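These notes are about the structure you will find just below.
Each value in this text was obtained by applying a stated rule to the coordinates, not by laboratory testing. A quick note: this is a predicted structure, and the numbers were derived from the prediction, not measured. Positions of Cβ are backbone-derived with ideal geometry, glycine not excepted, and every protein chain shown enters the neighbour counts.
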Amino acid sequence: MRRRVASAAKPNPAHLALAKLEGTLGDRLFLCTQNVDDLHEQAGAKHVLHMHGELFKSRCDTCSRAPFRDTNIYEPPSEIPRCDCGGRIRPHICWFGEVPFELDRIFHALDECTVFMAVGTSGVVEPAASFVAHVSGRARTIYVGAEEPANASAFTECHLGKAGQVLPELFASFS
Ligand SMILES: [Zn+2]
């Protein structure tokens, strides 16, 4: 169901602004998302770390076969698809209780960053909600979103508004 819903979504101006920023900054931008859709990629972003995984990928729950692109929409009550090894194929996303992906790379990027920006996130879901506290005091910390996040006090700047409108103006001041 989630694949079917996500298939119909299109990138918004915020996705496009971030992809454009990547074009300007190259590997000086570390783009990490909690979203499992592929809208950043559709907008043209090349290097996106999906800490909660990717809805349009699947993996085997048993063998070490690499995650693979999978756009199939399995209608219930169809059986769970099987890998050649006999294991069950599951979505390559982080379910509740599972550890997010690539936290080592994320914390390395946090250690290095000079500007930290959170966009459109609630500030509630851990560990992402604590990223700003990790860089506090040594990086410029910016929040952009329609509503104040739960961890607003941890940011030095809060820009409330539609990300698609706020981001292009902010990014113009970065380059
Ligand atoms: Zn397998």
key: Radius 14 Å from Cβ of Val124, net charge of other residues (Lys, Arg +1; Asp, Glu -1)   = -3
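Looking at segment 26-175, what % of its DSSP beta bridges pair antiparallel, to the nearest 5? Mind showing how you got there, number by number?
Details: 8 of 20 bridges.
Within segment 26-175, antiparallel bridges account for around 40 percent of the total.
Which order do peptides 11-22, 88-99 fall in by mean Cβ count within 10 Å, highest first? Provide the component values of the computation, followed by the final result.
Values: 11-22: 20.3, 88-99: 13.1.
Going from most to least packed, we get 11-22, 88-99.
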key: Rounded tilt (10° steps) of 163-172 against the dominant C-alpha axis of the chain   = 50 degrees
key: Tilt relative to the chain, helix 13-25 - C-alpha long axis, 0 to 90 degrees, to 10   = 70 degrees
remark   = To the nearest 10 degrees, the tilt of helix 103-112 (Cα long axis) against the first principal axis of the alpha carbons of the chain is 10 degrees
remark   = If each K or R counts +1 and each D or E counts -1, the residues other than Cys63 whose Cβ falls under 15 Å of its Cβ total +3
inquiry  = Just to confirm my understanding: which cysteines in the chain have no other cysteine beta carbon less than 4.7 Å from their beta carbon?
reply    = Cys32, Cys94, Cys113, Cys158
Aspartates and glutamates with Cα under 15 Å of Lys57, excluding same-chain neighbours fewer than 8 positions away = Asp37, Asp38, Glu41, Asp70
request  = Would you calculate the separation in nanometres between label points at Cys63 and Glu102, each defined as 7 Å from the Cα along the Cα-to-beta-carbon direction?
outcome  = 2.5 nm
